[in-house]
Structures are given as structure tokens and as C-alpha cells.
Amino acid sequence: MNKIIHIVEDDEDIRYIISYILTDMGYEVKLSETVADFHAQMKVSEPDLILLDVMLPDGNGLELCLELKQETETSHIPVIIMSAHATEYEVLRRSCAEDFIAKPFDLDDLLVLIAKHLPIENKRK
């Protein structure tokens, strides 16, 4: 079964590009543009990794990450914070995220971070 990555990002272009690349690599991708949509989807399916923007239309990604890390059911899920406005130190200190990438970012750098926390398993035929 493919690993699931949930992208929580309000910018449609960024969501599309990351989703396209990750799907092509064999990941299953879930998409949310708001905190409310993310919470609704979490009731249906738990991801193996979350890519989380800081500034969302209905909430703050740092607060959402902290909430996830404080809940026993979700504390084990790796979270990578993406932000054009926050610094790495601030993000990691305030959110308890596993990693941070500053926007704009190189897709290869993002893929390295994802592989660090969620390596694709070798599939034998």
C-alpha cells in the first residue's frame, strides 16, 4: 500500500505541483486548503506525513501542528512546515514539527526532506 502524504496549502498552484510530483513518485496524496477541510479528512484517513503551510485562510499551521503533536493519535505523524514568512527556528520552536522548508523552495530539497521522514519502500515483483 502506498504511503499517504497530506498537503495542507491554500495556494492552488503549490498544491498542484507538489501533488503531481509526489503522485508520480508513488505516494498517495490528500489535499486540503483549509484547517477545517484537513480536520474533516483526518476523520476518514490518517496520513503517513503532513506538509503544512503556516498561513491558512482559517487558521495557523503552527498551531495546527502543535495540536497534532499534543494528541496521542497523531503525535507520531511527521510534519514538515512550509513557509515564506516564518523562520526555521521560530517554526520548530513553536510547532514541534519534524522539519521546515522556506518558500520558495527547490522541489528537490523538498523531496529530500520527505524521503528523510518517509522513505519509499522497495517493491519486489
Hits in the stretch 5-29 (condition: crowded, with 18+ Cβ neighbours inside 10 Å and among the hydroxyl-bearing types (S, T, Y)): S19, Y27
Residue count, the stretch 88-107 (criterion: part of a strand (DSSP E or B) and out of contact with any strand residue (DSSP E or B) (no Cβ under 6 Å at 6 or more places or on another chain)): 1
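Okay, residues lined up against (1) exposed (fewer than 11 other Cβ atoms within 10 Å of the Cβ); (2) over 12 Å from L62 (Cα atoms); (3) in contact with a Pro (Cβ under 9 Å, 6 or more places away or on another chain):
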site	(1), (2), (3)
I81	no, no, no
T87	no, no, no
V91	no, no, no
S95	no, no, no
F100	no, no, no
P104	yes, yes, no
V112	no, yes, no
H117	no, yes, yes
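For every residue, the table says whether it meets (1) touching a helix residue (DSSP H, G or I) at 6+ places or on another chain (Cβ under 6 Å); (2) aliphatic (A, V, I, L, M); (3) touching a residue at least 60 places away in the same chain (Cβ under 8 Å); (4) part of a helix (DSSP H, G or I).
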| residue | (1), (2), (3), (4) |
| --- | --- |
| D10 | no, no, no, no |
| L31 | yes, yes, no, no |
| Q41 | no, no, no, yes |
| P47 | no, no, no, no |
| E63 | no, no, no, yes |
| A86 | no, yes, no, no |
| I114 | no, yes, yes, yes |
Enumeration of residues in the stretch 54-80 that are in contact with a strand residue (DSSP E or B) (Cβ under 8 Å, 6 or more places away or on another chain), of a type in the set (V, I, T) and modelled with pLDDT of 95 or more: I77, V79, I80
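The values are calculated or read from the model by the stated rules, or taken from the named source; none is laboratory data. Computed from a predicted structure; not experimentally measured. Positions of Cβ are generated from backbone atoms using ideal geometry, with glycine treated the same way; all protein chains shown enter the neighbour counts.
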